[in-house]
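The values are calculated or read from the model by the stated rules, or taken from the named source; none is laboratory data. Quick caveat, the model's predicted, so the values are computed rather than measured. As a convention, Cβ positions derive from the backbone with ideal geometry for all residues, glycine included, and neighbour counts pool all protein chains shown. For the accessible areas, the whole protein counts, side chains as well, though only heavy atoms, and no ligand, DNA or RNA atoms are used. Shrake-Rupley method; radii C 1.70, N 1.55, O 1.52, S 1.80 Å.
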Amino acid sequence: MFTVAVFAFDGVFASALTGVVDLLNLTGVTWNRIHGQPLNQQFKVHVVSRDGNPVRCTNGIRMAVDCSLEQMDQADLVVVPTIGGKIETVLAQEQDALAWLRFLHQGGADLASNCTGAFLLAEAGLLDDKTATTHWGFSQEFRHRYPQVNLNERELITRDGNIFCAGGGTAWRDLTILLVERFCGADLARELARAFVIDVRNDLQSIYAGLPAHTYHQDDQVQAIQGWIHEHYKENTSLGQLAERVHLSPRQLQRRFTTTLGEPPLQYLQRVRIEAARKMLERGTNNLAKLSEQVGYQDVSSFSRLFKRHTGLSPSHYRQRFARTGALND
């Protein structure tokens, strides 16, 4: 039987914690009960807090735990659930857990985080020079705090060695099924998914992502270009024309923009256009020629390829999946 430590802390997102505990504890159990087979439990799961005391989840529920960090000195797998509270507060209050995470990883434990739980792994230095993901809405903050991590927020799940990260929301379900497959094999993972009616998908997290609502920088010239792009994304422009607006050379603007936002200006422009297209598709727009023109592209096929590269879905499939009920067609 595999030993699992699920880290609990004040401000944890309750369902991301209890959901993982349920799935792991019931691997080899629920499916067998349904089919009248002997139970074959695979995991012994311990919920662990810094001092062994109950924790207060984001939704206000007070949750008991099994033991403290110092009582859990060995595990096959450590799971860090979503930080549902203020990230800076949780990182500050859980500094003792960072050494514990490093210790168990050095002892051979696999590590897995869901959503913003990746901030704790990164804070412990465990993601340095590794590929990771986190909730797309916190990607800029993550990249700002941990530039040494190879963040790929497009991905729903990343693996680098024996460290696994899942993206936002309920990605913990896909992560847990993947971990069950790693420890117990594909058959048990498939049975678990079927028993809990989980549709395991290979979608990119970028299907759900939008542009960040805010940025973590104070570069006035970059902000000026961002503002212009958001107002004029339909217009044709070039790097040189953008640079002229803030009295920089194209090379200077390219460097400043990439340093500040992690991508060059014209790539940012593409993302703004794609986000505008997503909103139109969600409203029910089905005239792709008109849509592509409205977001600044004259060639429909080029727009469709670009849209799929950014979101993982073609425009028509995106519309079928995300158009609001009752949306009117063009």
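Quick notes
- Ordering His230, His144, His135 by accessible surface, largest first, gives His144, His230, His135; the 1.4 Å probe counts only protein heavy atoms, with every chain in place.
- Heavy atoms of Val47: accessible area, 1.4 Å probe, square angstrom to 10: 20
- Pair Ser249, Lys44: separation of 7 Å Cα→Cβ label points (nm): 6.6
- Whichever lysines have a C-alpha closer than 28 Å to that of Lys290, once near sequence neighbours (fewer than 8 apart) are set aside: Lys234, Lys279, Lys308
- Taking every DSSP beta bridge that has both ends in the chain, the antiparallel portion is near 25%.
- Structural descriptor for the chain: relative contact order 12 percent, calculated from alpha carbon pairs under 8 angstrom and at least 6 residues apart.
- Tyr268 accessible area, assembled protein chains, probe 1.4 Å, Å²: 10
- Taking all protein chains together, His247, His105, His35 sort by accessible area into His247, His35, His105, largest first [probe 1.4 Å].
- Inter-centroid distance (Cα atoms) of the stretch 66-116 relative to the stretch 14-34, Å: 20
- Only protein heavy atoms count here; on that basis, with a 1.4 Å probe, Met280 has an accessible area of about 20 Å².
- Qualifying aspartates and glutamates (Cα of each under 19 Å from Cα of Lys86; at least 8 residues distant if same chain): Asp10, Glu94, Asp96, Glu123, Glu141
- Point-to-point label distance, Thr89-Asn162, nm (Cα→Cβ direction, 7 Å offset): 3.5
- To the nearest ten degrees, helix 265-282 and the longest principal axis of the Cα atoms of the chain are 80 degrees apart.
- Angle between the chain longest axis and helix 171-184 axis [Cα atoms, degrees, rounded to 10]: 50
- Pairwise FRET efficiency - Asp187 versus Asn53, Cβ, R0 = 41 Å, nearest 0.05: 0.55
- Antiparallel bridges, percent of DSSP beta bridges restricted to the stretch 1-146 (to nearest 5): 15
- Residues Ile34, Ile198, Ile229, ordered by accessible area of protein heavy atoms at a 1.4 angstrom probe radius and largest first, appear as Ile34, Ile198, Ile229.
- (1) 124, 39, 32; (2) 97, 57, 36; (3) 65, 43, 35, with the label sought being that of the calculated Cα extents along the principal axes in Å: (3)
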